[in-house]
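The values are calculated or read from the model by the stated rules, or taken from the named source; none is laboratory data. As the structure is a computational prediction, the values presented were derived from the model and not from experiment. All Cβ positions, glycine included, derive from the backbone under ideal geometry; neighbour counts span all protein chains shown. Remember, those area values only see protein heavy atoms, side chains included, never the ligands or the DNA or RNA. Shrake-Rupley method; radii C 1.70, N 1.55, O 1.52, S 1.80 Å.
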Amino acid sequence: ESIKRNGVMTPATVRLKEDGRYELISGHRRKKACELAGLETLKCEVKELTRDEAIIVMVESNLQRSVILPSEKAFAYKMRLEAMKLQRSDEELGELVGESKDQIRRYIRLTELVPEILQMVDERQIAFRPAVEVSYLTEEQQYTLLEAMEYNDATPSLAQAIKMKKYNQDGKLT
């Protein structure tokens, strides 16, 4: 509704790709809002960026949002580290975004969760740290745990999740 009334205040960012088409880097929500408002155009700023530079810009713009889900942060950090091509470490990324290197690693571990458990993290149905420990389980083990959580209407504590991870590493998780 505000886009209908006032238009887009901040232009989206695009880059010219090698094939001559434009790629939207930031402004995906603004683009969708324009579509919903019935607008056919979106004011854009064209930047000269490589693919990796574009990923970094996209991640940075997403991390500036006031509300960002743990899963969004997890994939953003993972993408940013990959785009940086190991030129920088997770410690340097942590300094850039105001998180410790350990917290960066924890967020990236969330990308190893099965989608259903990752959604539970986003919806705050399972705590962040136990979810990180659960991410070390295999996909099959995670689905078995998911069934147990649903059946018992409970989620593991951090201590329980650490034990599961250790049992798994020792080959004793059944």
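Points worth noting:
- Taking the C-alpha atoms of the range 1-84, convex hull volume expressed per residue in Å³: 106
- The chain - mean residue ellipticity at 222 nm from DSSP helices (-39,500 (n - 2.57) per run, n ≥ 4, rounded to 500): -17000 deg cm²/dmol
- In summary, the aspartates and glutamates within cross-link reach of K73, defined as a Cα separation below 12 angstrom excluding same-chain residues under 8 places away, comprise E60, E99, D122.
- Where the chain is the region considered: accessible area per residue in Å², 1.4 Å probe: 66
- For the residue pairs K47/K78; K32/K165; K101/K166; K43/K101; K4/K78, alpha carbon separations beyond 30 Å are given by K32/K165; K43/K101; K4/K78.
- Restricting the range 95-138 to trypsin sites (Lys or Arg not before Pro) in coil, as DSSP defines it, with at most 12 other Cβ within 10 Å: R124
- Of all lysines in the structure, those lying under 17 Å Cα to Cα from K172, and not within fewer than 8 positions of it along the same chain, are K163.
- Distribution of pairwise C-alpha distances over the range 36-174, 5 Å bins, in %: 2, 9, 16, 18, 15, 13, 11, 7, 4, 3, 1, 0
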